[in-house]
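**Student:** For reference, the structure I am asking about is given below.
Here, each number is a calculation from the coordinates, and none is a lab measurement. Small disclaimer: the values here were computed from a predicted structure and weren't measured. Cβ sites come from the backbone with ideal geometry, for glycine too, and all protein chains shown count toward neighbours.
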Amino acid sequence: MRIASAFSAAFLLTPAVPASAQAPNPPKLIVVISVDQFGANLFDEYRPQFTAGLKRLASGTVFRNGYQGQAATETCPGHSTIMTGSLPARTGIIANSWYDWSAPRADKRIYCAGDERAPGSTFRNYTVSPVHLKVPTLGDILKKLSPDSQNVAVAGKDRAAVMMSGHFADERWYWDGKQYVTDLKAAPVPPSVPLINAKLAKFIAMPQAPLVAPPYCQLKARPIALSDGQTVGAGTLGRAANDYEAFRESPDWDGATLAMAGALIHDLKLGRDKAPDILSIGLSATDYVGHAYGSEGEEMCLQMFGLDRELGDFLRALDSMKLDYAVVLTADHGVEDLAERVGAPRVDPALSAKAVGAEIAKTLGIDGRVLVGGTGGDVYFDPALSPDQRAKAEAEALRIFRAHPQVEAVFTKAELEKVPLPTGSPDKWTLLQRARASFDPQRSGDLVVLMKKGVSLLSKPGVGDVATHGSPWDYDRRVPILFWRPGMAPQNREEAVDTSNIMPTIAAMIGVRVDPKTIDGRCLAGISTIACPAP
Ligand SMILES: [Zn+2]
């Protein structure tokens, strides 16, 4: 059952008007690609190795110091910045999940791309929806201005597709673990979708031989034994028949999502009429490979070469369709490599909200739960605490967190509420400003706990989960931002810019004027073929 978005068309009051001076020769199809966990460290390292799609995209305008500026370097906040022109503090998508004590169900944990009003829904069993995204995407704005324009998304992850397309998507598809599905039940099913799903089922039913490692990847093959008994670092991404988990940890998944993207372009005739169309693509395999193996082993190397090849095939398919298109590629966040490979510490399990809460309960003689949350990031006080208990618990929590050698900073809601949204170069933002960029007074934790640089946010390795992101440090924040269009002059830009600038830059490319008061980003000046509006 589709749960209608809580927002009506009247919500889209963003005063968007066609630019008085139309963009010269705007492309007919804008393809926006987010590669999940493709941090700038990976882009910088592999750039000389790319020979296909990423080589082509890196021959346009390259911002190698792009930033997901916020402290909450997670998938949902990151994707929410790309097509809205806004920081997570404005999009409302402050994390992948948060707590809402007023939610109309027993499970108060809220999934960023779910609708908790859906009957029977829980955090894990959710109904996909854009309801929590507080702002329109460029696709939403474009459709209001130009009803013939199409706003389409396809991704490995539902939250990537939802956050990039927004409230008024024509089509939105994502992988549910077995096949590509949609939450837009009223939209017609493009004829290629069931065919691709059927082909994929047959493909995954076959065992896949290990990938052949190029010499660059062979040099990275170094097995690392982890405390849970698994060994990673020298894997080659082969898999057994019907191993759907391993499928997601391979470039095959990105290839499938790109095949879907190509099929949607064909079936929906994207880029074929005067009205410009937007296709948002979320490629999620890099994130799964990074979580399962880290970012500096043979496995990620094979994923990088595979991603390059798959993107090359996709761009060649677009060329063969003779479309006038432009591509923007970025990422939702980076990653910290495997702690055991780089000699980094793992976070002390005593710093989890549960453990610290239990310590406080014992000290204060509180019978029940005190803190709710994970390890680091947003931490909430249990709403059942009395005002007196709550005040004492906060003082105690601050004392415990701040005394711990792995904790860099703890900010309270009161502190964050006083800080203005950061502007300017995101590489210069203080930790408090980074935390402010992903702070929402209704959704964020009562405390935001930030660990020291280099501390792995996973206290121990598990299968498929050995390395992660989510810190306020640049290995998680810095991402590439690439603009490419045939005929665009190559340009390497060194200045730090955050991803909220992507949307107004694309808007300028297609001649859509967005009220600068409604977004955080600004059109990036000086890109060949893109004329920014006068301020
Ligand atoms: Zn992600």
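**Student:** With the contact rule set at Cα under 8 Å and sequence spacing of 6 or more, what percent relative contact order holds for the chain?
**Tutor:** Numbers: 1227 pairs, mean separation 150.2, N = 535.
28 percent.
**Student:** Taking only the alpha carbons of the stretch 91-248, what extent do you get along each of the three principal axes, in Å, biggest first?
**Tutor:** Dimensions of the stretch 91-248 along the principal axes of its Cα atoms: 51, 41, 30 Å.
**Student:** Taking N as the number of residues in the stretch 485-535, what is its alpha-carbon radius of gyration divided by 2.2 N^0.38 Å? Can you show the working numbers first?
**Tutor:** On the way: Rg = 11.1 Å, N = 51, 2.2 N^0.38 = 9.8 Å.
Ratio of Rg to 2.2 N^0.38 Å for the stretch 485-535: 1.13.
**Student:** Does the stretch 290-351 come out rounded, prolate or oblate, given a ≥ b ≥ c as the square roots of the eigenvalues of its C-alpha gyration tensor, rounded meaning a/c under 1.5 and, failing that, prolate meaning a/b above b/c?
**Tutor:** On the way: a/c = 5.24, a/b = 2.59, b/c = 2.02.
Here the stretch 290-351 falls in the prolate category.
**Student:** While we're looking at this one, here's another question. Would you please name the chymotrypsin sites (Phe, Trp or Tyr not before Pro) within the stretch 95-194 that are DSSP coil residues with at most 10 other C-beta atoms within 10 Å of their C-beta?
**Tutor:** 101
**Student:** Translational diffusion coefficient, Stokes-Einstein: compute it for the stretch 405-535 using the Kirkwood radius over C-alpha pairs as Rh, at 25 °C and 0.890 mPa s, and state it as an integer in µm² s⁻¹.
**Tutor:** Numbers: Rh = 17.5 Å.
Translational diffusion coefficient: 140 µm²/s.
**Student:** Let me ask another. Out of the trypsin sites (Lys or Arg not before Pro) in the stretch 368-468, which ones are loop residues according to DSSP with at most 12 other C-beta atoms within 10 Å?
**Tutor:** On the way: sites: 369, 390, 392, 399, 402, 413, 418, 428, 434, 436, 443, 452, 453; in loops: 369, 418, 443, 452, 453.
Taking the stretch 368-468 and a limit of 12 other Cβ atoms within 10 Å, the loop trypsin sites (Lys or Arg not before Pro) found are 418.
**Student:** So how compact is the chain: Cα radius of gyration and Dmax in angstrom?
**Tutor:** For the chain, the Cα radius of gyration and maximum Cα-Cα distance read 22.5, 71 Å.
**Student:** Cα centroids of the stretch 184-213 and the stretch 236-307: how far apart, whole angstrom?
**Tutor:** 12
**Student:** Mind listing the long-range amide H neighbours of residue 155? Cut-off is under 5 Å, sequence gap 5 or more, other chains count too, H placed in the peptide plane at 1.01 Å from N.
**Tutor:** 173, 174, 175, 282
**Student:** Let me ask you something else. Residues with beta-carbon under 10 Å from that of residue 193, excluding residue 193: net charge, scoring Lys, Arg +1 and Asp, Glu -1?
**Tutor:** -2
**Student:** Cross-link candidates for residue 134: which lysines have Cα within less than 29 Å, leaving aside residues fewer than 8 places away along the same chain?
**Tutor:** 28, 108, 143, 144, 157, 185, 413, 418, 428, 517
**Student:** Give the cross-link partners of residue 452 among the aspartates and glutamates, using a straight C-alpha distance below 14 Å as the criterion and excluding same-chain residues fewer than 8 apart.
**Tutor:** Those aspartates and glutamates meeting the cut-off are 336, 348, 408, 474, 476.
**Student:** Take every Cα pair under 8 Å in the stretch 469-528 that's 6+ residues apart, average their separations, divide by the length, and report that relative contact order as a whole percent. Mind showing how you got there, number by number?
**Tutor:** Working: 36 pairs, mean separation 19.1, N = 60.
About 32 percent, as a whole number.
**Student:** Follow-up question, since we're still on this one. With the cut-off at 1.5 for a/c, could you classify the stretch 204-342 from its C-alpha gyration tensor as rounded, prolate or oblate? It would help to have the intermediate numbers written out before the result.
**Tutor:** On the way: a/c = 2.50, a/b = 2.06, b/c = 1.21.
Note, shape of the stretch 204-342 comes out prolate.
**Student:** Calculated from DSSP H runs of 4 or more alone, at -39500 (n - 2.57) each and per residue, what is the 222 nm mean residue ellipticity of the chain, nearest 500? Mind showing how you got there, number by number?
**Tutor:** Working: 19 runs with 169 residues, N = 535.
Computed mean residue ellipticity for the chain: -9000 deg cm²/dmol.
**Student:** Let me ask another. Once you sort the root eigenvalues of the Cα gyration tensor of the stretch 319-373 as a ≥ b ≥ c, which label holds: rounded (a/c under 1.5), prolate (a/b larger than b/c) or oblate (the other case)? Walk me through the intermediate numbers first.
**Tutor:** On the way: a/c = 7.57, a/b = 2.46, b/c = 3.07.
Since a/c reaches 1.5 but b/c is at least a/b, the shape of the stretch 319-373 is classed as oblate.
**Student:** A follow-up question, please. If you take the alpha carbon radius of gyration of the stretch 406-461 and divide it by 2.2 N^0.38 Å, what ratio comes out, to two decimals? Intermediate results must be reported in sequence, preceding the final value.
**Tutor:** Numbers: Rg = 12.4 Å, N = 56, 2.2 N^0.38 = 10.2 Å.
Cα-based Rg divided by the globular estimate yields 1.22.
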